[in-house]
Ligand SMILES: [Zn+2]
């Protein structure tokens, strides 16, 4: 007999896919199970820090134009044995506790069950597209969108990403841009500070100007940002700051990590120019100071137009208008990379994700399976 969605979630949770784990063997294992369920399955090999990873694409219903792509990620955030949410899932009062139950192996199980339930009645193919390394930079999704042919014909498909949204339809979230700024000065003995080029002074000027930029972005957001976001505009944070190497040496080096979360309306090139201007001013203020700027990560903001029938179908099915979330997902990568309409919609609440007692309720999983089933009927039936 086939497992139900709760036991299938337990099975997925019981394999460790936290950062630092190789997952390719697990992916091949899943591929074998999905083949047994009737899918044509491809595995795209990847690797990170020497660990073998893999994306999985399972196609049910033949090689014609697909109607629906159900997407998700296989990895989880870290866990440890002292927490309640581990890879040994625990049932308690119709909730399932465990790492990845909510974010988002529960959604994968709901997608899988929904597809298998209807696999022999499909008029158009459906795909499961499950990726690795989402929590540490959407690595799998970036690799998969670089080879869209692995999915076969999907020009007419729509996609749902199963992140935990309490089964609300999400059509917008901010982007995620990380910059590392290095300031290079000249060391000197601290007894003669004027003999060197003090990178910490450049850092102080840079911090002041970046915080002025932050306030400008805030005002701009309040005037014409997206009111569905809180706060409504692009944000900037200087989360990691470091300078100098010893108390008796003039700091020859400083480093700053800047995180920007741009709204979709923000012009990315213009935003970069404004950061660059702050860096140039810091260098001009400290003779001899040089700067290098590295882009650590650049993930675009997500904005799915509401005119599409996928959004309208969800609005009708769920009885509520589409909304926005404050966390990053793979949605915009898929929207741009596969040229598909994409909505983020999955069981469970983000409030229960990434927690030491991460959990999802049995009812949430069942509702997720039902929604994906209805989507299959609407787009592949
Ligand atoms: Zn997630």
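Any read-out appearing in this document is the output of simple, stated calculations on the displayed coordinates, not a laboratory observation. Values in this document were obtained by computation on a predicted structure and should not be read as measured data. Quick reminder, even Gly has a Cβ in these numbers, built from the backbone with ideal geometry, and neighbours come from all protein chains shown.
Stretched out straight at 0.36 nm per residue, the stretch from residue 316 to residue 182 would grow longer than its current Cα-Cα span by 43.2 nm. The range 298-367 and the range 233-286 have Cα centres separated by 32 Å.
Suppose R0 equals 25 Å. What FRET efficiency, 1/(1 + (r/R0)^6) with r the Cβ-Cβ distance, do residue 216 and residue 336 give to the nearest 0.05?
Numbers: r = 28 Å, r/R0 = 1.12.
The computed FRET efficiency comes out at 0.35.
Sorting 102, 21, 380, 345 from the fewest to the most surrounding beta carbons within 10 angstrom yields 21, 380, 345, 102.
Please give the direction-averaged projected area of the C-alpha convex hull for the range 326-381, in square nanometres with one decimal. Kindly include the intermediate steps, with their values, before the conclusion.
Values: hull surface 19.8 nm².
In nm², the orientation-averaged hull projection of the range 326-381 is 5.0.
Using 0.36 nm per residue and subtracting the Cα-Cα separation, the extra length available between residue 29 and residue 43 on full extension is 4.0 nm. Compared with the rule-of-thumb size 2.2 N^0.38 Å for a compact globular protein, the range 81-137 has a Cα radius of gyration ratio of 1.45.
Angle of helix 268-285 to the longest C-alpha principal axis of the chain, folded into 0 to 90 degrees and rounded to 10: 20°. Peptides 292-305, 162-175 ranked from most to least packed by the mean count of surrounding Cβ atoms within 10 Å: 162-175, 292-305. Once the C-beta distance of residue 227 and residue 267 is scaled by a Förster radius of 25 Å, the resulting FRET efficiency is 0.85 to the nearest 0.05. The alpha-carbon positions of the range 248-381 define a convex hull whose volume is 161 Å³ per residue. Ranked by how many other Cβ atoms sit within 10 Å of their own Cβ, fewest first, the residues 247, 272, 94, 261 fall in the order 247, 94, 272, 261.
According to the calculation over all Cα-Cα pairs in the range 179-299, the P(r) per 10 Å bin from zero is 14, 41, 27, 13, 5, 0 %. Site pair residue 259 and residue 191 shows an inter-label distance of 4.4 nm when each label is modelled 7 Å from Cα along Cα→Cβ.
Remind me, relative contact order of the range 179-299 in percent, using alpha carbon pairs under 8 angstrom and six or more residues apart? Result for the range 179-299 is 40 percent.
Using only DSSP helix segments of four residues or longer, with each worth -39500 (n - 2.57), what per-residue ellipticity at 222 nm results for the chain after dividing by its residue count and rounding to 500? Write out the running numbers ahead of the final one.
Details: 9 runs with 123 residues, N = 381.
Rounded to the nearest 500, the figure is -10500 deg cm²/dmol.
So what's the range 13-52 giving for Cα Rg divided by 2.2 N^0.38 Å, two decimals?
Normalised Cα radius of gyration, the range 13-52: 1.27.
Against the chain, whose longest principal axis is taken from its Cα atoms, helix 24-36 shows a tilt of about 20°.
Between helix 199-224 and the chain, what is the angle of the helix's C-alpha long axis to the longest principal axis, kept within 0 to 90° and rounded to the nearest 10? The angle comes out at about 50 degrees. Considering only alpha-carbon pairs that sit under 8 angstrom and 6 or more positions apart, the relative contact order computed for the chain is 25 percent.
When the inverse distances between all different Cα atoms of the range 1-88 are averaged and flipped, the Kirkwood radius reads 14.6 angstrom.
Report the antiparallel proportion of the DSSP beta bridges in the range 61-209 as a percent, rounded to a multiple of 5. Mind dumping the intermediate values first?
Numbers: 4 of 14 bridges.
Bridges in the range 61-209 are about 30 percent antiparallel.
The radius of gyration of the Cα set in the chain, together with its Dmax, comes out at 23.5, 81 angstrom. Considering only DSSP beta bridges whose two residues both sit in the chain, what percent are antiparallel, to the nearest 5? Within the chain, antiparallel bridges account for around 75 percent of the total.
At a Förster radius of 35 Å, what calculated FRET efficiency corresponds to the Cβ-Cβ distance of residue 297 and residue 374, to the nearest 0.05?
Details: r = 35 Å, r/R0 = 1.01.
In this case the efficiency is close to 0.50.
Counting only the Cα atoms, the range 171-227 fills a convex hull of 84 Å³ per residue. Each of 132, 112 was scored by other Cβ atoms within 10 Å of its Cβ. Arranged with the fewest first, they read 112, 132.
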